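The structure appears below as structure tokens.
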Amino acid sequence: MNLQISVAPALRILIIDDDDVLRRWLRTQLESRGFDVWEESQGDEALARYRRSGPWDFVLSDLYFYPGEKIRNGLDLMREILLINPQQRSVIHTSERKLTAPCIVLQKPYPISALLKLLRIPLSPMKVDE
């Protein structure tokens, strides 16, 4: 009897946050659960990584990070990403209240279980204004 076990590839996640401690903690938490995690801390570099190393299963961005020349914050980044891929599953995490964004907003602080729940369900991006 020849048994072959098929293992689904790890979900690829891009995390953008200028807080090194939080970004590395998230990476550790997610990699220990089988996710393939990539990190960036600056807007323009994040967009370049998105284009160069995609496709991505999920993008998690802080609202505020080191601004680039084109990408100044998480809202700019999400708008650009959704122009490239309108179906991109993405979340902005922030401590800002009542943020209107072109994607799901996850309020900081949050337990890792809240992020894991979002990783398990399909997210429908909101329509991007052109």
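What follows is calculated from the coordinates using simple rules that are stated; it is not laboratory data. As the structure is a computational prediction, the values presented were derived from the model and not from experiment. Cβ: placed from backbone, ideal geometry, glycine included. Neighbour counts: every protein chain shown.
With a cut-off of 8 Å between alpha carbons and a minimum separation of six or more residues, what is the relative contact order of the chain in percent?
20
For R52, R27, R33, R89, which order do you get if you count the other beta carbons within 10 Å of each Cβ and list the fewest first?
R52, R33, R27, R89
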Discussion item. Pairwise over distinct Cα atoms, reciprocal of the mean inverse distance: report the Kirkwood radius of segment 33-87 in Å, one decimal place.
Written reply: 11.5
Worksheet, complete the sentence: Listing T28, T94 by rising number of other beta-carbon atoms within 10 angstrom, fewest first, gives T28, T94
Worksheet, complete the sentence: Most exposed first, judged by fewest Cβ atoms within 10 angstrom, K70, K98 run K98, K70
Practice prompt. Could you give the spread of the C-alpha atoms of the chain along their three principal axes, from largest to smallest, in whole angstroms?
Written response: 58, 30, 25
Discussion item. Using only DSSP helix segments of four residues or longer, with each worth -39500 (n - 2.57), what per-residue ellipticity at 222 nm results for the chain after dividing by its residue count and rounding to 500?
Written reply: -10000 deg cm²/dmol
